[in-house]
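Contents: one structure, followed by commentary.
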Amino acid sequence: HSNNAKKNIKTSSTSSSLINLLRARDWHRATQYMQRYPHEVKAASSSASPLPLHLSCQLRAPTYVIQSILTMNSDAVIWTDGQGWTPLHVAMLYGLREDAVVLLIKYGGTEAVMSRNNMGWTPLLLALRHGANTRIIQCLLEADCRSSLIGNHAG
């Protein structure tokens, strides 16, 4: 990942077609669109549109959609939204499938697992709070066992 990759990023308005396809859960057309317009997966500006990987995690997109985004823009795995949430945080909140979570951990590594949102929550804390299965908890711990030592701002 590039050194400046972890920053608060929002997609540009040019991604609205991709975002609309994702919101419509038209996964096949969304992946075709990404292949045709890969720059939209990498686009970043001050627009209020959600980030494609964040939205895909929120909507529990199939793993092949998550893989397509990561293949075209591996830095997206550590991008944060306005609340400091990475895609892994979003995945823990919305219950993304285990195989997709494993992919996020693989691409994001320690940086993704140890990241805190603006309230101090790590993906592990969110996973525990929202009832993630034990395999997901195990994957988070295996990626970096130090994440079990981190509390949120409340302790």
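The values are calculated or read from the model by the stated rules, or taken from the named source; none is laboratory data. Nothing here was measured: the structure is a model prediction, and the numbers come from that model. Glycine gets a Cβ as well: all are built from the backbone with ideal geometry, and neighbour counts include every protein chain shown.
Could you identify the single residue in SER68, SER17, SER56 that is over 18 Å from GLU111 (Cα atoms), of a type in the set (Gly, Ala, Ser) and touching an Asp or Glu at 6+ places or on another chain (Cβ under 8 Å)? Spell out the reasoning first.
Numbers: SER68 fails: touching an Asp or Glu at 6+ places or on another chain (Cβ under 8 Å); SER56 fails: touching an Asp or Glu at 6+ places or on another chain (Cβ under 8 Å).
On inspection, the qualifying residue turns out to be SER17.
For segment 85-114, the set of residues classified as at pLDDT below 95 and in contact with a strand residue (DSSP E or B) (Cβ under 8 Å, 6 or more places away or on another chain) is empty.
Scanning segment 82-91 for residues that are under 14 Å from ARG116 (Cβ atoms), in contact with a Phe, Trp or Tyr (Cβ under 9 Å, 6 or more places away or on another chain) and either of a type in the set (Ser, Thr, Tyr) or in a helix (DSSP H, G or I) (or both) yields THR86, HIS89. Of all residues in segment 92-140, those being aromatic (Phe, Trp, Tyr) and in a loop (DSSP other than H, G, I, E, B) number 1.
Out of VAL90, VAL77, VAL65, one residue alone is surrounded by 22 or more Cβ atoms within 10 Å (Cβ to Cβ) and touching a Gly at 6+ places or on another chain (Cβ under 6 Å). It is VAL77.
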